[in-house]
1. Quick one: in region A:186-213, which of the residues that are among the small types (Gly, Ala, Ser) and crowded, with 21+ Cβ neighbours inside 10 Å is farthest from the chain's Cα centre (by Cα)?
2. Just to be sure before I move on: is B:ILE395 in contact with a helix residue (DSSP H, G or I) (Cβ under 6 Å, 6 or more places away or on another chain), outside the structural domain of B:SER247 (by TED's automatic domain parsing), among the β-branched types (Val, Ile, Thr) and assigned to a helix (DSSP H, G or I) in the structure I sent?
3. B:LEU297: part of a loop (DSSP other than H, G, I, E, B), of a type outside the set (Ser, Thr, Tyr), touching a residue at least 40 places away in the same chain (Cβ under 8 Å) and farther than 30 Å from B:ALA224 by Cβ, yes or no?
4. Take the conditions at pLDDT below 95, in contact with a Pro (Cβ under 7 Å, 6 or more places away or on another chain) and over 27 Å from A:MET230 (Cβ atoms) and apply them to A:ALA2. Does it pass?
5. Hey, A:HIS551 hits all of (1) outside the structural domain of A:SER427 (by TED's automatic domain parsing); (2) assigned to a helix (DSSP H, G or I) but one; which does it fall short on?
6. Assuming B:LEU486 fulfils every condition listed in (1) facing another protein chain (nearest Cβ under 9 Å); (2) buried (at least 24 other Cβ atoms within 10 Å of the Cβ) apart from one, which condition is it?
7. Can you work out which of the residues in region B:525-545 that are more than 7 Å from chain A (Cβ to nearest Cβ) and not in a helix (DSSP H, G or I) is surrounded by the most Cβ atoms within 10 Å (Cβ to Cβ)?
8. Need the failing condition index for B:VAL78 against (1) within 27 Å of A:TYR259 (Cα to Cα); (2) away from chain A (no Cβ under 14 Å); (3) modelled with pLDDT of 95 or more, just the number.
There are 2 protein chains.
Amino acid sequence: MAFTENVAASRFNLVYLALTVLLLQYVPHCASITQTVGQPWPLPQSYKSGTNVQSLDADTFLFRVVGNDCDLLREAIVRYYKIIFRTAADAAPSHEDEVLRFQPKSDPTVLEWDQYNTDESVLGSLDVKVEDKCVDIGYPSLDMDESYALTVTTGSATLVGKSIWGVMRGLETFSQLVYEVGLGAYQVNDTEIQDFPRFAHRGVLLDTSRHYLSLRSILQNLDAMAYNKMNVFHWHIVDEISFPYESRTFPQLNIQGAYQPAYTHTYTQENVRTVIEYARLRGIRVVPEFDTPGHSLSWGKGQPDLLTKCCTKGVFNGHYGPVDPTVNSTYTFLTGLVDELSKVFADHYFHLGGDEVSFGCWESNPNITQFMNKTGMGRNYAKLEEYYMQRLVDIVAKKNMGYIIWQEVIDNGVKVRPDTVVEVWRSGQEAELAKVTNLGYRAILSSCWYLNYISYGSDWMTYYKCDPQRFNGTSQQKELVIGGELCMWGEYVDSTNVISRTWPRGSAVAERLWSAEEVKFPEAAEARMEEQRCRLIGRGLPAEPVSGAGHCRHEYDPDQ
Amino acid sequence: MAFTENVAASRFNLVYLALTVLLLQYVPHCASITQTVGQPWPLPQSYKSGTNVQSLDADTFLFRVVGNDCDLLREAIVRYYKIIFRTAADAAPSHEDEVLRFQPKSDPTVLEWDQYNTDESVLGSLDVKVEDKCVDIGYPSLDMDESYALTVTTGSATLVGKSIWGVMRGLETFSQLVYEVGLGAYQVNDTEIQDFPRFAHRGVLLDTSRHYLSLRSILQNLDAMAYNKMNVFHWHIVDEISFPYESRTFPQLNIQGAYQPAYTHTYTQENVRTVIEYARLRGIRVVPEFDTPGHSLSWGKGQPDLLTKCCTKGVFNGHYGPVDPTVNSTYTFLTGLVDELSKVFADHYFHLGGDEVSFGCWESNPNITQFMNKTGMGRNYAKLEEYYMQRLVDIVAKKNMGYIIWQEVIDNGVKVRPDTVVEVWRSGQEAELAKVTNLGYRAILSSCWYLNYISYGSDWMTYYKCDPQRFNGTSQQKELVIGGELCMWGEYVDSTNVISRTWPRGSAVAERLWSAEEVKFPEAAEARMEEQRCRLIGRGLPAEPVSGAGHCRHEYDPDQ
């Protein structure tokens, strides 16, 4: 099909009508939820969709780099070419000067598809413009610019972003606007989008300690995040029960602390690099959490004397408690570990944990009591926690890194540096958000987004309704809320079900954190949610059903 | 390693001790549930495990057919050879006279495994004896004999079953007794088992209408059933929302009634044959359900005039209700369909549905009122349902088929034939079981096993505790309870999550239905449940975690 510029708009309208009639055939029978066609998730800040329809030809479609260029951009274009034309694409794309042109082999399938109109105009290209310098070695960050503008009109389409990260978000949106109407046949409606995220921090926590997650699962989750414009992978990498991180400085941490055999339950240095680079290519930050002083039982196996010995009547009873904050060896160890981690992980932020520190073991230990008496803390164990966190924070600060902590650190009255980000996770989120921001700290919310707690039915609607800025506070306080995270704790989750359990339920959180505050009615989002689920499935992810019945044009098939 | 017969038992004990010490290394740290090693699920009726340990050599191990022989048996042996030696096996096995001998290629892995003792005795073979005639063309049935005896002692192992089906169950058990102690290194403890199922009907219902399930998912589920000794696949193949069964007699049922595109949401005749044969090889019956007169909305799309037209003030209002029982065309159609199904499906039983028939539409339709007046039914719609079910049952009976119905048919006072099997699914199961068996009908239970209703945590324990014979009734009544079924309705389940959601939670139901009544304490089963989950994962199924933390030696990896 050649591109024809002078076709009358009225003809397009007819085509659109025909298409609408056609699409009604896709609507599932009786009680299933209707699906939208070619509508983006999360909803852009400003989104106008016209009735003009153009087709895209996988053999000839071009992404034209009209602004700054870099490998990050080219990687993204190649990725999105394959995503958009996935039922047609197959051959590896090749670069051709600054115009990227791909020649997938035609598909020899004999399936008979719904008939589609082949009469409409053809959209030949998308002009892609990065305004700022496009740096290949750059990493996404909390203050990256993710805004973009995307226009599709008759005969032309343009994507402009200040930064490469905004252009990545825009490519994702463009890939969602294009819909399949037959095997290898794609269409797009006229569209005008101005878009930017409501919150800068839009995270997904995965817990790789309680159950080990395969590298494949982690990368699949990064794909899903990119498809939902999430931008922080909060990697809760170690915890009480296992230590799957392979430390080069302290190899015994992993050899002794991982599930056995350690070979099969460890993230090697190379694995970690793979995750960080895969995330970077998608504009996703990787924020590792090494939770202390509690939740650290597995650390003690490979690091003798790190943990507090719990006592009964003053005598060690065989159990271990939180990190022992009273001995210098603890800080020597932490300095060594933080030094390694600051080199391994690329993000400015580091999650220091600090949740659920039980004081019982500290209370039972005579050495700790002696230390506290000597330093004037008396029986104030929050002071001891503060002492520990303060020293840990200083170690991290010396590496010029920022940090995030769980809310208990603040709740226990520990003083932290003013640039600390506090993660609110317990119930009573409104009071806590008010309190944390009143103290002048930045906050992220996860209380209402513990997606590991499953329940029967369409629970995504509950997640959709939760808003991080819904609390009593000044506008300055509201601005200190920089985002939120969904948490997928690992008690009942491993590689067998982590993707299906997280997605598309997590898409509800993604839209809440990206789209405008007014976009808050799940009933209005339902048909788009159905399309988003099928989109994830079409891209190879096992995104589970979230409404009572229905289907996708292409169902999940891991063999494909 | 050569087989040595004269090694003293005391030395074996030492080896066993060493093994025990070794196995302690596998136990997950702190709060995870300990796993058993080489213990069967479901628990056999009589199971004695000794402390003697022998190793098995994948290169030389033999299955010796010492009784009757047939392809069904050989298929099973090849299958279980691959399952038992899956980390070593790779090459296709070959038949060698009546002794089957396989030569897998050695594994060149460089992984360093936990050291294991290489000093113990070697078990060279399993003698397999089918006492009855082993018929290749046979199908499993409700009255098949599934009993078997299995003995493993120093230097010899014997499996005896009256029928091929019992031997299949015994092969499954033998495959579970063998455990891996290093790459390609396997061991088995001395064991004595006498086993038979407590209930003859141990089913899994999958719903392929509300969401379509891929053929692959259905076959994976049959694998999981075999690994748990379940023996009935209740295929709830069509329902209100879609009709994925490709009928040759009435092709429009599928073309109009399936999700679109129908090509991708249909079970072809060849697919159905594949499912039935795959199940047969594993001793699993396939009982199809074509639910009428309710739940049949999707049928009406391709079969005009089958459904009742619902009326408002006597005029058709555009909605359709249950099958119209008052017109002859209905029974002509049903006769044709049942004729086809009786040829396509192999099992003696057919599930006729009959649940949740809403009388409202019948009440609204003047033709139905007229028919009821004429036949003296007045306003008794249960009579109309009885009339319909009676005629349907007669059609099925003419084909010499037995049938199962949902409890409402009985609850509504419909009289059915004395050989009917009634499936109890609503709450109040104890009263219902008492009532149904008091009427002299056989019953199967699913009320407490709706596994589609998920909840957070180890809910398998609840399923484990439910007992189908726990109701007030005589021993004759109890004997009329022939088993039960877990149901995985499809509202929130499709190929993305059907296996992980059904297993190993369904293993709880499997043990309840196979093992002795006294085997009923989930706490006692917990460590074995952990091993069973890892066993399913080791065999390639995404069986999800069911305890708060833990790991498997081999984690789930769909790429392997």
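1. A:SER209
2. No.
3. Taking the combined requirement at face value, the residue satisfies it.
4. So A:ALA2 fails the test.
5. (2)
6. The one condition B:LEU486 does not meet is (1).
7. B:LEU541
8. (1)
The values are calculated or read from the model by the stated rules, or taken from the named source; none is laboratory data. Note that the structure is predicted; figures quoted are calculated from it, not measured. Neighbour counts run over all protein chains shown; Cβ positions are idealised from the backbone, glycine included.
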